[in-house]
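Enquirer: Mind looking over this structure? Questions follow.
What follows draws every value from the coordinates through simple rules; no lab data is involved. Because the structure is a prediction, the values reported are computed rather than measured. Here Cβ is always computed from backbone atoms with ideal geometry, including for glycine, and neighbour counts include all displayed protein chains.
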Ligand SMILES: [Zn+2]
């Protein structure tokens, strides 16, 4: 996966063996700017885990419960409203 820019920092994102993550399905290293996601995750889960870890990267002090709630809610709005999601994409035809 490509690197992603979060809060001005470039994070490397990659899939790793599930056993490397211990009990977690994904993790975020805010010092090294690395997000890892377990290889066993299905595509919809990868999307969710990525959003979850992006939120951790944005603010490491947010509680786990808040992060997960936000990830679920933001994902739902984006999935339910592709026309809104589209607003965030570059449109070369304009
Ligand atoms: Zn988390």
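Enquirer: For 74, 34, what ranking results if the residue with the fewest other Cβ atoms within 10 Å of its Cβ goes first?
Expert: Ordered from fewest to most neighbouring Cβ atoms within 10 Å, 74, 34 come out as 74, 34.
Enquirer: Oh, and also: Pick from 18, 27, 80 the residue whose mean-square fluctuation is largest in a GNM of the chain, springs joining Cα atoms under 10 Å.
Expert: 80
Enquirer: While we're looking at this one, here's another question. Considering the Cα positions of the stretch 4-87, please state its Rg to one decimal place and its Dmax as a whole number of Å.
Expert: In order Rg, Dmax, the Cα atoms of the stretch 4-87 give 12.9, 38 Å.
Enquirer: So, one more: Please list 61-67, 44-50 highest first by mean number of surrounding beta-carbon atoms within 10 Å per residue.
Expert: Going by the mean number of other Cβ atoms within 10 Å, highest first, we get 44-50, 61-67.
Enquirer: Calculate for the chain the 222 nm mean residue ellipticity that helices alone would give, adding -39,500 (n - 2.57) per DSSP H run of length 4 or more and normalising by residue count, nearest 500 deg cm²/dmol.
Expert: Mean residue ellipticity at 222 nm (helix-derived): -13000 deg cm²/dmol.
Enquirer: Test of understanding: in a Gaussian network model of the chain with alpha carbons linked when under 10 Å, which of 78, 51, 70 would top the mean-square fluctuation ranking?
Expert: 78
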